[in-house]
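Read the figures in this text as sums done on the coordinates, not as results from a lab. Since the model is a prediction, treat every value here as computed from it, not as a measurement. Virtual Cβ from ideal backbone geometry, glycine too; neighbours counted across all protein chains shown.
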């Protein structure tokens with residue numbers, strides 16, 4: 001893809017362009033974690049990047065008990081006393097690619113981004129400034145480096161420090177988590193094969209499920225899973241999603257077996273509609289891995305953004321974390337008029353708030 005370089009103003013998004021054009025895909029990462037990749041028993045390194053120094057303050061209280069981890073330190077930029085309540089947003093922002101061609105991914109939308117992207121970026125930034133969430137789980141995003149550059153250029157004052165993802169090697173739509181709160185271990189499901197039908201398996205879309213430990217304060221952390229499950233209404237598509245949910249539920253079961261009080265939050269575009277069999281499979285009512293949909297008894301449509309007729313996007317706490325949910329705080333958001341929201345994306349964002357000071 002042809003490109004013209006200008007170094008007169010070196011903005012963060014131009015830095016991303018230089019990285020791609022010179023085949024440098026690592027960005028200067030100052031906060032790294034291990035990713036447990038698939039069921040092969042191997043570990044592969046990925047990066048949770050921050051915009052500021054990863055240095056720690058020796059007199060800062062630990063954000064996680066030393067009985068669990070002795071190596072995890074509190075970053076100097078973090079003050080957990082400001083996070084008695086936290087907000088989490090999930091938003092599918094529809095083919096949100098950067099301006100530059102990734103030579104290892106061949107798709108028209110990635111190779112030749114639409115001309116309306118600058119205006120979409122501006123409006124998305126305005127919406128995020130209004131929403132002002134502590135954690136945002138994006139879907140259909142090209143990369144965490146892109147979101148980090150986007151945040152720095154458009155709303156650095158909001159203080160997002162950590163950007164986490166496990167990007168596909170062959171596809172341009174990924175899940176990216178943007179946070180003001182320190183993150184711990186990042187778990188990727190990308191290399192695992194899951195059920196698709198009685199005659200086939202898949203691991204094409206499992207990179208679009210990412211879990212990470214959110215380290216809010218001493219005595220309060222939770223596992224956040226950002227997802228973009230398989231789209232489509234066919235039986236194969238439904239089975240595909242069931243297989244993906246089975247994998248997540250297996251992970252959760254293991255976590256709860258170690259700590260029955262573990263808090264878990266599932267957020268993103270599940271491509272599941274209330275009342276369908278995948279919906280009940282996700283909730284797991286009466287099982288050891290049980291989730292609660294705070295808006296399950298009301299219409300809470302998220303798609304399409306300008307005239308919603310169905311719910312595809314969720315923030316679902318497990319029963320342990322449901323106790324911390326601020327009553328009435330789960331909402332479908334529309335910061336602008338319907339036409340503008342549809343210009344930004346075909347999905348509406350979802351928000352929930354949680355109290356972090358309880359036992």
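Placing R0 at 35 angstrom, the Cβ-Cβ distance between residue 340 and residue 107 gives a FRET efficiency of 0.85 after rounding to 0.05. Placing pseudo-labels 7 Å out from each Cα toward the beta carbon at residue 297 and residue 203 gives an inter-label distance of 4.3 nm.
Rank by packing, highest mean first: peptides 300-310, 267-277, with packing defined as the count of other Cβ atoms within 10 Å averaged across residues. Before the final figure, lay out the partial values.
Working: 300-310: 17.0, 267-277: 19.6.
Packing order, densest peptide first, comes out as 267-277, 300-310.
Protection proxy ranking, highest mean first, for peptides 87-97, 69-79: 87-97, 69-79, where packing is the per-residue count of other beta-carbon atoms within 10 Å, averaged. At 0.890 mPa s and 25 °C, plugging the Kirkwood radius over alpha-carbon pairs of segment 80-355 into Stokes-Einstein gives what diffusion coefficient in µm²/s? Here the translational diffusion coefficient equals 130 µm²/s. A straight line joining the Cα centroids of segment 157-224 and segment 226-269 runs 12 Å.
Order these by the 10 Å Cβ neighbour count, fewest first: 330, 254, 230.
On the way: 330 20, 254 10, 230 24.
Least to most surrounded, the residues fall as 254, 330, 230.
The Cα atoms of segment 258-314 give a gyration tensor whose axes a ≥ b ≥ c have a/c of 1.5 or more with a/b greater than b/c, which makes the shape prolate. List the relative contact order of segment 80-355 as a percent without decimals, with contacts defined as Cα pairs under 8 Å and 6+ residues apart. With pairs under 8 Å counted, the relative contact order is 20 percent. Evaluated at q = 0.12 Å⁻¹, a Debye calculation over the C-alpha positions of segment 138-235 (equal weights, vacuum) places log10 I(q)/I(0) at -0.45. On the basis of the beta-carbon distance and an R0 of 30 Å, residue 70 and residue 191 show a calculated FRET efficiency of 0.55. Once you reduce segment 334-359 and segment 281-324 to the center of their Cα atoms, the two points are 14 Å from each other. Can you tell me what share of the DSSP beta bridges in segment 80-355 is antiparallel? A percent to the nearest 5 is fine. Percent antiparallel among DSSP bridges in segment 80-355 is about 75. Extending 7 Å from the Cα toward the beta-carbon at both residue 236 and residue 309 defines two label points whose distance is 2.5 nm.
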